[in-house]
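One structure is given below, encoded as structure tokens.
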Amino acid sequence: MNTPLATAAAAAARPAIHPDEQEARLQLAACYRVFAMLGWTEMIYNHITVRLPDSVTGGQKQFLINPFGLHYSEVTAGNLVKIDLQGKVLDGSRHPVNPAGFTVHAAIHDGLPDAHCVMHTHTNAGVAVACLQGGLQQTNFYSAQLHDMVAYHDFEGITIHADEGPRLLKSIGDKPAVILRNHGLLAWGQTLPQTFAILWTLQRACEIQMATLSMGAPIPVSEEIARKCTRDALQFNPQHGGGQDVFDALVRQVDRIDDSYKH
């Protein structure tokens, strides 16, 4: 039985968390709750990961991931798990980690210097477009903002085999919006809010395409107009906030509903 004294002693025995890690934990936990609020969940599956800065890791590549077995609505800053590229738990967490999570995410965090954050979803619209011959079409307001930003990776089965990593990186190249064929959507970026903005735009493009194709043939958007739209869309650009204002607005919604992710 845990007495108050024993609980206090256990807390004192845990190493102090670096302020930069605590900030990353809070932002990532809030993002899990945003996904839950938006319905971008798949039971206990899928992942959002953040690579910790060198100020925390001393130059080692480490990242935070959700504890396997918890729904996104149960993720908190305190129960996020810190792991290395091999999936080794570094913070003493007793929670397991899903191999399908760290295999793909570790490959991207390791292989792409700008991949501070990686997000992966199995939404209805995302999986539907991933299963569609031809994938995402340049036919709507949102897909037009992703001109030359979308990569495709062929389906190789459940993503638990490390040897898929190099092929995935080759498929991605430098494109931050990724459609995993027959599987789902993925986005990566320099910051969590920027990554969210990319994924949200890709998700909306898929939703509108699915709705459009249910009614008939879509009207194509020309390459020239799509190129212009992507150039004029500033929500991904860190110099213009890189999605921070949108993400902050959603976190305020989460806070009004349940701010337990902060614990």
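The values are calculated or read from the model by the stated rules, or taken from the named source; none is laboratory data. Keep in mind the model is a prediction, meaning the values are calculated, not measured. Quick reminder, even Gly has a Cβ in these numbers, built from the backbone with ideal geometry, and neighbours come from all protein chains shown. Areas reflect the complete protein model, heavy atoms only, side chains present, ligands, DNA and RNA absent. Shrake-Rupley method; radii C 1.70, N 1.55, O 1.52, S 1.80 Å.
Protection proxy ranking of 119-125, 224-230, by the mean of other Cβ atoms within 10 Å over each peptide's residues and highest first, is 119-125, 224-230.
Could you state the accessible area per residue of the chain in Å², with a 1.4 Å probe and every protein chain left in place? Show your work: numbers first, answer last.
Details: 13110 Å² over 263 residues.
Per residue, the chain has 50 Å² of solvent-accessible surface.
Assign one of three labels to the stretch 115-263, namely rounded, prolate or oblate, based on the Cα gyration tensor with a ≥ b ≥ c the square roots of its eigenvalues; rounded applies when a/c is under 1.5, prolate when it is not and a/b is larger than b/c, and oblate otherwise. Note, shape of the stretch 115-263 comes out rounded. The share of accessible area on the chain that comes from carbon and sulfur is 56 percent, using a 1.4 angstrom probe. Rounded to the nearest whole Hz, the Karplus-based 3J(HN,Hα) values (6.51 cos²θ - 1.76 cosθ + 1.60, θ = phi - 60°) of the stretch 153-162 follow the sequence 10, 5, 5, 10, x, 5, 7, 10, 9, 4, with x at glycine and proline.
Listed by chain and number, the lysines placed with their C-alpha closer than 30 angstrom to that of LYS61 are LYS82, LYS88, LYS170, LYS175, LYS262; residues fewer than eight positions away on the same chain are left out. Of the whole protein surface, GLU21 contributes about 10 Å² of accessible area at a 1.4 Å probe radius. Shape class for the stretch 111-151, computed from the alpha carbon gyration tensor (a ≥ b ≥ c): oblate, with a/c not under 1.5 and a/b at or below b/c. The calculated FRET efficiency for ASP84 paired with ASN237, based on their beta-carbon distance and R0 = 45 Å, is about 0.90. Calculated [222 nm] ellipticity per residue, helices only, for the chain: -12500 deg cm²/dmol; basis is -39500 (n - 2.57) per DSSP H run with n ≥ 4, divided by all residues, nearest 500.
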